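Take a look at the structure below.
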Amino acid sequence: MSLDYFSFDKAAAELERFARDVPAILAGHALTADLSAGLEFLSDRVETPFAVAVVGQMRVGKSTLLNALVGQDLAITGVNETTATLNWLKYGQGDVTTKFKVVWKNKPEEFLPKNRINEWVGDSVLARQTRCIEFFADAEVLKKAYFIDTPGMRSVIADHEDVTTEFLAAKLDRNSHQQGDSADAIIYVLPATARETDQSTLEDFSNSRIPGSSPVNSIAVLHKWDSIEELYPFDIVNEKAARLRADFSELVSDVIPVSAPLYIAAERFAIHFWDTVSLLASIDEDESFCDLVSDPEEFVELDEASIPVTVEDRQRLVQEFPIPWASLRMILRHARSRGIISGEELRNEIRHRSGIPALNNEIETRFFSRRRLIKMMSAISRAWEPCNSAVVRLRNEKKITARKIDEIPVYTSTLAGISGVTSAQRDILENISDFLADQKTDLQEQLEKSSVSLASLDATSSVIKELHAAMDNDIRGLELLDEENVPMNEKDASRCRALFGFHGPDLDSRISPWVDSGDRDGVCLDLEMFRRSLISYRNRSELSALLKHAETRIEQILDMLEAQPEQP
Ligand SMILES: Nc1nc2c(ncn2[C@@H]2O[C@H](COP(=O)(O)OP(=O)(O)OP(=O)(O)O)[C@@H](O)[C@H]2O)c(=O)[nH]1
Ligand SMILES: [Mg+2]
């Protein structure tokens, strides 16, 4: 067993090799040339990016969140209801990034300069005539996934909600999921402001829930928590997330507290901003600090000698570094309550608290890797058919050719045995014998060619076949574990999930439940014990395939760990 069975990158490289080599092998033989066309889709399929849609109530910060994830201000944000169309954020370079594409409902699509986008904001006539808008940016993340910004649910602008729900429900259609077409993920943005009770968040979620979404493709974020009017809003939202995680466990993969403006500030604001904010947070007088953070006007106008940053400097600060007031206030309070005086430390702390790194990680490891596998597996399984047909044709051809080759000596000796012929007839018989000898050489060449094609086909597809079987078993195992009433305790089930690549297909993710066991030997020992403990399920016939696969995965992991050099 080799490393190829774990890492997605290696699997993708194998698939790429397969997609490149097999059509060439098929095209190289007259008998199979027609089948190579059936494989052209392969390379495209591996390349297609994922679609990630962001949905939620109006003004909950969907567009701001997308800008944080993409790393650029592509989606339009605003204090009033803003996004009026389905907006796709896609990868592009050069001229296209200065434009946007309008896909009209009733006329051909067109590219327009970016400065005209305001005509599509809010309740506009143009928005109603538009199917969707596409924006392009040269952002690394967009190479992997495109993002869809949606108009707010419960929108006062008619039609918005229907547009979003219908569109996304169609994308998540179970049947297309089977085909591996729907590699989409949905981020539900739920408000986490002070007046949102758990009950109202639950209601909000059920209102915006897209039919067909499930933990396999959905995640919830509690957004705008920075505006909770408490000293420790993060602790409050964290507790809320923990409660909702239990309520939502059947619906989304996780519930993560997020504040996009905090991340945008951490990523884009110069250190001057962070130094100034931490300086302001260290004011001696508690009362002055409370006045300073009481409202945005006071923040820039309060003129007291004890404040270590002048009124002019504060005015310049808010102009230069635009951030929602609630976010700025939260940063100031956070720095003060935790006694953070270093701008750099504050910035790192806020980046972490923004929840975006956790969200990115969740998107990547939970659904991208799993969806990527499903997508890849579906591409591979579609490639079997032409390959198998080619193998059958080549084998038949080989059989027929070999038979013909065997028959030739019989004819030749029959010819040689003919007696009592004239010399002219002898010449003819000799010509026939020569002709048969040439035929034999041609047939042998033909046989050789078919054998070479068969051998290359076999060599090229055997790795991918094994890979396919292993990953297919991962997916089947995960699906079984997703079912209700699986006869396995939760701890064992979650360990099997990890083994099957639930947290990511690479080795580290697969052994994540055991890494606490210390060094490599500790992990190996615990894995071995886990393998033995699975024996207790052996009388559950419905689990037999799953147990067998768990066993195989453990063996492969042990082989791989043992092959690794010991850490010093
Ligand atoms: N305090 C705070 N403000 C936020 C946050 N996210 C967004 N905002 C602000 O909320 C307002 C609305 O943000 P958008 O991103 O436009 O919201 P949206 O959900 O896309 O709105 P629609 O497109 O109208 O549905 C803007 O003024 C943002 O600056 C957040 O996490 N915290
Ligand atoms: Mg918006």
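The numbers here are math on the coordinates, done by the rules we state, and not lab data. Values in this document were obtained by computation on a predicted structure and should not be read as measured data. Don't worry about glycine lacking a Cβ; one is built from the backbone with ideal geometry, like all the others, and counts go over all protein chains shown.
So if I place +1 on the C-beta of Lys and Arg and -1 on the C-beta of Asp and Glu, and nothing else carries charge, what would the dipole magnitude of the chain be about its Cα centre? I want it in debye, nearest 20.
2020 debye
Considering only the chain, what is the antiparallel percent among its DSSP beta bridges, to the nearest 5?
Values: 12 of 39 bridges.
Bridges in the chain are about 30 percent antiparallel.
If you find the alpha carbon centre of region 380-407 and of region 244-310, how far apart are they in angstrom?
So the separation of the two Cα centres works out to 70 Å.
Can you give the angle from 0 to 90° between the axis of helix 160-171 and the longest principal axis of the chain, with both taken from C-alpha atoms, to the nearest 10?
30 degrees
Order 258-269, 492-503, 517-528 from most to least packed using the mean count of other Cβ atoms within 10 Å. The partial results should precede the final answer.
Values: 258-269: 23.7, 492-503: 21.2, 517-528: 15.1.
Per-residue mean Cβ counts within 10 Å order the peptides as 258-269, 492-503, 517-528.
Students often check this: by mean Cβ neighbours within 10 Å, which of 238-251, 477-490 ranks highest, and how do the rest follow? Please list the in-between numbers first.
Values: 238-251: 15.2, 477-490: 13.6.
In descending order of packing, they fall as 238-251, 477-490.
Which whole-number percent of Cα pairs in the chain have a distance greater than 42 Å?
Above the 42 Å cut-off, the chain has 40 percent of its Cα pairs.
Only counting other Cβ atoms within 10 Å, I'd like Leu35, Leu547 sorted with the fewest neighbours first.
Ordered by Cβ neighbours within 10 Å, fewest first: Leu547, Leu35.
Exposure proxy check: Ser327, Ser294, Ser378 ranked by fewest other beta carbons within 10 Å?
Fewest-to-most ranking of Ser327, Ser294, Ser378: Ser294, Ser378, Ser327.
Out of Pro257, Ser214, Gly28, whose Cα points farthest toward the positive end of the dipole of the chain (charges: +1 Lys, Arg; -1 Asp, Glu; placed on Cβ)?
So the residue furthest toward the plus end is Gly28.
If we count other beta carbons within 10 Å of each Cβ, what is the order of Leu317, Leu112, fewest first? Could you put the intermediate results ahead of the total?
Details: Leu317 20, Leu112 14.
By the 10 Å Cβ count, ascending: Leu112, Leu317.
When only C-alpha pairs under 8 Å and at least 6 residues apart count, what is the relative contact order of region 367-502, in percent?
About 37 percent, as a whole number.
Is there a quick way to get the dipole size of region 199-244? I mean about its Cα centre, with the Cβ of Lys and Arg at +1 and of Asp and Glu at -1; what is the value in debye to the nearest 20?
In debye, rounded to 20, region 199-244 gives about 280.
Each label point is 7 Å from the Cα along the Cα-to-Cβ direction; what then is the distance between the points at Ile341 and Val125, in nm?
The answer from the label model is 6.2 nm.
Sorting check: for 58-66, 467-475, 334-342, 425-433, which peptide has the highest mean count of neighbouring beta carbons within 10 Å, and how do the rest follow?
Details: 58-66: 25.0, 467-475: 19.2, 334-342: 16.4, 425-433: 12.2.
Ranking, from highest mean packing down: 58-66, 467-475, 334-342, 425-433.
Of the cross-linked pairs Lys398/Lys449; Lys62/Lys101; Lys10/Lys465; Lys62/Lys224; Lys62/Lys107, which ones have a Cα-Cα span greater than 18 Å in the structure shown?
In this structure, Lys62/Lys101; Lys62/Lys107 lie more than 18 Å apart at Cα.
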